[in-house]
Amino acid sequence: MNSSTNPDYLRHHQYRETGNLQARMDLHGQYSTSAEPFWVWVFDRMDLAPDAEILEVGGGVGGFWLANAERIPPGWRVTMSDLSAGMVEAARTNLADLPQIVDFLEADVRALPFPDASFDAVMANFMLYHLPDRRPAIAELARVLRPGGRLFAATNGSAHLREIRNLEARFRIETLFGATSSAQAFGLQNGAAQLEADFAEVTVERHEDSLRVPSADPIIAHIRSKLTDRAAAASKLEAVRTHLERLIGEQGSFVVTKASGLFTAVRR
């Protein structure tokens with residue numbers, strides 16, 4: 001089990017506070033080239049009833065709902081959950097003014113504290129790849145959905161952020177996912193096969209986007225947010241900075257591939 005699939009490490013270190021996640025969110029929020037932000041694009045695909053009851057697992061700081069705050073139907077009722085108490089408290093603060101968010105709780109997706117058929121929709125965005133064994137979690141997501149209810153699960157493809165991963169490999173920097181991409185665990189290429197045991201009509205859509213970053217700092221912050229040993233990587237990060245500053249000086253920016261998308265699956 002590497003750090004990215006160790007629940008104790010994720011709960012007590014990587015996601016204990018919001019800083020690591022925020023650094024990654026900032027990179028995408030500030031430097032994406034798409035005219036349609038990813039969370040807005042996802043919301044547009046959630047064709048739910050005006051009185052839908054929704055559960056989000058691994059909801060982090062509530063970024064999806066913040067991005068769509070003025071678009072949430074007044075009749076929706078949303079339960080926010082995350083493995084990390086720190087993320088839950090951050091979400092509670094960030095979403096305090098949204099009456100549609102009715103509950104916040106610390107919960108493990110592998111053992112959700114809800115009766116069968118509790119929700120019309122479940123969201124599991126950029127989190128299933130953190131699980132060492134996804135079968136129990138996917139079964140739980142299906143269990144708490146009503147028949148015909150839908151799962152929305154965002155994830156990445158194998159090319160996602162490959163230029164940054166190439167830097168990490170070139171300078172031998174060990175990060176959260178080790179030498180692998182998160183997409184190898186649950187990605188756009190292999191996620192459907194993992195969902196089909198419990199869900200029908202599994203479809204995937206890809207969001208077209210890239211990053212164009214004009215300075216080294218956001219890339220360094222992104223890499224630093226994934227480090228398991230910051231002290232050991234300090235000199236390597238300075239070497240990355242020097243390399244990036246030379247590239248950006250020559251090219252004007254550092255362009256990074258994005259490959260993200262959304263699975264939609266219907267509860268059998």
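Starting from 0.36 nm per residue, how many nanometres of slack lie between Glu36 and Ala200 once their C-alpha separation is accounted for? Walk me through the numbers before you get to the answer.
On the way: separation 164, 0.36 × 164 = 59.04 nm, distance 2.83 nm.
Between Glu36 and Ala200, full extension yields an extra 56.2 nm.
When Phe186, Phe254 are ordered from fewest to most other Cβ atoms inside 10 Å of their Cβ, what list results?
Working: Phe186 25, Phe254 22.
Ordered from fewest to most neighbouring Cβ atoms within 10 Å, Phe186, Phe254 come out as Phe254, Phe186.
To the nearest 500 deg cm²/dmol, what mean residue ellipticity at 222 nm is calculated for the chain from DSSP H runs of n ≥ 4 alone, each contributing -39,500 (n - 2.57), summed and divided by the residues?
Details: 9 runs with 89 residues, N = 268.
Computed mean residue ellipticity for the chain: -9500 deg cm²/dmol.
What does the charge dipole of segment 54-203 about its Cα centre add up to, to the nearest 20 debye, if the Cβ of each Lys and Arg holds +1 and the Cβ of each Asp and Glu holds -1? Walk me through the numbers before you get to the answer.
Numbers: 13 positive and 18 negative charges, 74 e Å.
Dipole about the Cα centre, nearest 20: 360 debye.
Return a whole-number percent for the relative contact order of the chain, with Cα pairs under 8 Å and 6 or more residues apart as the contact set.
On the way: 495 pairs, mean separation 61.1, N = 268.
In percent, rounded to a whole number, it is 23.
May I ask for the angle, rounded to the nearest 10°, between helix 230-251 and the longest principal axis of the chain, with both axes built from Cα atoms and the value confined to 0 to 90°?
Helix 230-251 sits roughly 80 degrees off the main axis of the chain.
Could you tell me how many degrees, from 0 to 90 and to the nearest 10, lie between the Cα long axis of helix 85-94 and the main elongation axis, the longest principal axis, of the Cα atoms of the chain?
With rounding to tens, the tilt is 80 degrees.
May I ask for the angle, rounded to the nearest 10°, between helix 19-31 and the longest principal axis of the chain, with both axes built from Cα atoms and the value confined to 0 to 90°?
Long axis of 19-31 versus the principal axis of the chain: about 80 degrees.
Just want the ordering: Met46, Met80, Met127, from fewest to most Cβ atoms lying within 10 Å of their own Cβ. List each step's numbers first, then the result.
Values: Met46 18, Met80 29, Met127 23.
Placing the least packed residue first, the sequence is Met46, Met127, Met80.
Can you put Leu112, Leu151 in order, fewest other beta carbons within 10 Å first? Working shown, then result.
On the way: Leu112 21, Leu151 24.
Fewest-to-most ranking of Leu112, Leu151: Leu112, Leu151.
Can you tell me the order of 195-206, 113-124, 242-253, 50-61 when each peptide is scored by its average per-residue count of other Cβ atoms within 10 angstrom, highest first?
In descending order of packing, they fall as 50-61, 113-124, 195-206, 242-253.
Every read-out reported here was derived from the displayed coordinates using simple, explicitly stated rules and does not represent laboratory data. Keep in mind that this is a model prediction, so the values were computed, not measured. We place every Cβ from the backbone using ideal geometry, glycine too, and count neighbours over all the protein chains shown.
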